[in-house]
Amino acid sequence: MNQSLPEDTDSRRIAFVQACWHRDIVEQARIACRDELVRLGLDPARIDLYQVPGSLEIPLQAKLLAKSGRYAAIVAFGFVVDGGIYRHEFVADTVIQAMMQVQLETEVPIISAVLTPQRFHDSDEHRGFFHQHFLVKGREAANACVETLANLRRLAASAA
């Protein structure tokens with residue numbers, strides 16, 4: 001669903017947590033997400049960026065941000081690839097489960113743009129493909145963020 005931010009958007013901010021592993025690819029999602037949120041009506045000054053070394057560090061950063069009370073939502077960006085040592089599936093599963101646990105504990109939505117390709121080779125062809133793919137995923141994350149916040153506002157209004 002493509003929508004815009006309601007005018008009654010609360011004053012809290014949105015946090016971006018970006019893993020720096022494969023930064024040139026991952027930042028494509030962050031940039032696309034930011035651009036889409038701005039297009040949908042969010043003041044870019046309300047977005048804070050936190051960078052972490054890799055995807056495993058995202059859940060703790062997200063939890064600390066969620067517990068701060070400053071953020072209406074957190075959007076996480078990462079790229080977990082098979083680096084030749086079989087552990088990428090473990091890392092990806094751990095990160096996604098931990099982000100889910102954080103949002104359930106804190107009731108602050110965490111939108112995931114942490115991706116794990118089935119196959120990634122550090123070649124021009126794969127890098128080009130994933131640069132474009134992360135642009136799409138960034139826009140999708142922005143729309144998921146807006147829709148989630150709108151749903152939470154509707155729920156809060158109906159409970160009042």
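Each value in this text was obtained by applying a stated rule to the coordinates, not by laboratory testing. Everything numeric in this text was worked out from a predicted model, so none of it was measured. All Cβ positions, glycine included, derive from the backbone under ideal geometry; neighbour counts span all protein chains shown.
General remarks:
- Once the chain from residue 46 to residue 153 is taken as fully extended at 0.36 nm per residue, the excess over their C-alpha distance is 36.7 nm.
- For the pair residue 101 and residue 129, the difference between a 0.36 nm per residue extended length and the Cα-Cα distance amounts to 7.0 nm.
- Residue 160-residue 136 FRET efficiency (beta carbon distance; Förster radius 45 Å; 0.05 resolution): 0.75
- Shape analysis of the stretch 13-159 yields a ratio of the Cα radius of gyration to the Kirkwood radius, Rg/Rh, of 0.98.
- Relative exposure of 71, 50, judged by other C-beta atoms within 10 Å (fewest first): 50, 71
- As a proxy for reagent exposure, ranking 30, 13 by other Cβ atoms within 10 Å from fewest up yields 13, 30.
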